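Below is one structure; the comments refer to it alone.
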Amino acid sequence: MQPITIDYKGYTITTDKSLMKVHDVHKWLSEESYWCKGVPFTTFKASFDNSFCIGALNGDKQIAFARLITDYATFGYLADVYVEGTHRGKGISKKMMETLFGLDWVKGLKSIKLATKDAHGLYKQFGFTECKYPERIMEISRKP
């Protein structure tokens, strides 16, 4: 699968992991996120290595990121989506989602899920809805 790299309003949006700054992403997620604060680098790096990732850079600094946990054929789970505060409101997350969901193989996935506390408006623009049968969804939740 050929990586995509585009320029967007002075930012670089890419699916090329070799251009991403994994330590910048880990720093933001482990210090700023509400969903995985304190995540060890080795845990994050394994999730990065085993997911399809997209990110945005401002010069040589990673300022946004998302990863799709997927089998590349039927299912995906969107996770770890963020844009650093000073770069929000510039359309970066929308452009990242547009790029990701515009990929032919992603268009072919039967199901894509996500969990969000506060970005429902963004994801609704890309076709996400509440689960049709939430009573069918179960989880195992372990403390870190």
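All conditions in (1) over 22 Å from Thr5 (Cα atoms); (2) free of Cβ contacts under 8 Å to residues at least 12 places away in the same chain hold for Leu29, with the sole exception of (2).
Looking only at residues of region 16-48 that are assigned to a helix (DSSP H, G or I) and among the hydroxyl-bearing types (Ser, Thr, Tyr), we find that the one that is farthest from the chain's Cα centre (by Cα) is Thr42.
Read-outs: derived from the displayed coordinates by stated rules, not from any lab. The model shown is predicted, which means the values in this text are computed figures rather than measured ones. Positions of Cβ are generated from backbone atoms using ideal geometry, with glycine treated the same way; all protein chains shown enter the neighbour counts.
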